[in-house]
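Encoded as structure tokens, the structure appears first; notes follow it.
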Amino acid sequence: MSEATVNDNAAVKNEKGARKVRSGYVVSTKMNKTIVVELEDRKQHALYGKIMRRNSRVKVHDENETAGVGDRVRIEETRPLSKDKHFRLTEVIEKAR
């Protein structure tokens, strides 16, 4: 019985420290080691059922400056790197044409 309790506590600790992973499109690369990524959030209206889109822009740390405008990228949440930067570039999924 004590083994189950230990395993449950370990599972909760891992979930608590999990970082959010999102994907979006790069809309700006004008800052040094920083890109602006637009994230799309789709939700269904509770009463009418229409799917509504809400876009948000976040600043992302790009250490090697590998991403370009129009690229589809994967980002992950990290500790605050500056006043506005709370995400780090994980990978470039698809380059812009």
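Please treat every number below as a calculation from the coordinates, not as lab data. Keep in mind that what you see is a predicted model, and the values were worked out from it rather than measured. With ideal geometry, Cβ positions are generated from the backbone for all residues, glycine too; neighbour counts draw on all protein chains shown.
Tabulated data
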item	result
For peptides 52-58, 42-48, sequence by mean Cβ density within 10 Å, most packed first	52-58, 42-48
R0 of 35 Å, Cβ-Cβ distance Met52-Asn32: FRET efficiency to nearest 0.05	0.50
